[in-house]
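First comes the structure, then the notes that go with it.
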Amino acid sequence: MASTGKDRPGRVYQFPRHPESNKRLTRALNRREAPDENGAAQDRGSEVIMLSKVRGEIGYLGLADWWLSEFTETEQAYIESIYQPLGTTPGNPHPLTQGNVSYIGLTPTQLLWCLASWFKKAQDRHLARRILAKAEQESGQEKDVVTLHFFWELKREVYYADRDSFPDALETAIQACTQQIAIAPQVAEAMHHNYSHSAFPKHGGYQLLTKIYQDRGQYDEAINLAKEAKEQGWAGDWDQLISQCRKAMGRTK
């Protein structure tokens, strides 16, 4: 879903800053102007200038402070060289931080989820994880349940891909599955308006977690999840999985 330009929401570029970004910028500046441990006000003029220069999608959505503090200049340049969403023009090859924006039709969670989806290759996933961490931080304000569904889907995918590379990656992927499954009924209801029954998509959380349970010999858990997924209408070979688990349970008795 998140790997192609046509799947990502579009953008319209023009002039002013989003009202929420003004609030975030003010909070960021207040943090930077706090007195140091000796009671002297810190000179943060250069940082204020840097914040004000970050425009584009990041600036519009009030994410400039995070962008500047999370990534080095080298990382920022690399991210912008990779991120080339549909609608990017020669006149503004870096829509993430350049260009005046009046409307992009994206929430912070949506933008960050879309951005992270460009960094799923093995050498880039360290960037995806950091972007997803910010997306999760912003997700508490996200009202669109389908956006949350695809956010958890991408987090599951990114962390599961690194399950053999660093500690806790598998457990983090499982947690993402659990979070995605928790909102599955609401997402299914929303998606039924956009898909016919025959074209209803697969659910990555159900798919992966049933597989993990099956591999671990937790057949009751796998069967229960498969029944849930089937009842909600998610595509998959649920009857076959249930049959396999029941046969395996018979062999283990």
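Computed quantities for the displayed model
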read-out: Unique residue being touching a strand residue (DSSP E or B) at 6+ places or on another chain (Cβ under 9 Å), at pLDDT 90 or above and surrounded by 15 or more Cβ atoms within 10 Å (Cβ to Cβ) when the list is ALA235, ALA161; value: ALA235
read-out: Pair list, Cβ < 7 Å and 6+ apart or interchain, from the range 160-188 residues that are closer than 15 Å to ALA122 by Cβ to residues that are open to solvent by less than 60 Å² (accessible area, probe 1.4 Å) and acidic (Asp, Glu); value: ALA169/ASP162
read-out: Any pair with Cβ under 6 angstrom, 6 or more apart, that starts in the range 123-148 at a residue that is touching a residue at least 12 places away in the same chain (Cβ under 8 Å) and closer than 13 Å to THR107 by Cα and ends at one that is assigned to a helix (DSSP H, G or I) and open to solvent by 60 Å² or more (accessible area, probe 1.4 Å); value: VAL145/GLN186
read-out: GLN84 polar (S, T, N, Q), part of a loop (DSSP other than H, G, I, E, B) and surrounded by fewer than 19 Cβ atoms within 10 Å (Cβ to Cβ); value: yes
read-out: Near pairs, Cβ below 8 angstrom, 6+ apart or cross-chain, from the range 223-243 (closer than 23 Å to GLU189 by Cβ) to any residue that is of a type in the set (Phe, Trp, Tyr) and part of a loop (DSSP other than H, G, I, E, B); value: GLY233/PHE200; TRP234/PHE200; ALA235/PHE200
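The values are calculated or read from the model by the stated rules, or taken from the named source; none is laboratory data. Because the structure is predicted, anything quoted here is derived from the model rather than measured. Using ideal geometry, Cβ is built from the backbone for each residue, glycine included, and neighbour counts are taken over all protein chains shown. Note: accessible area is taken over every heavy atom of the protein model, side chains too, but ligands, DNA and RNA are not part of it. Shrake-Rupley method; radii C 1.70, N 1.55, O 1.52, S 1.80 Å.
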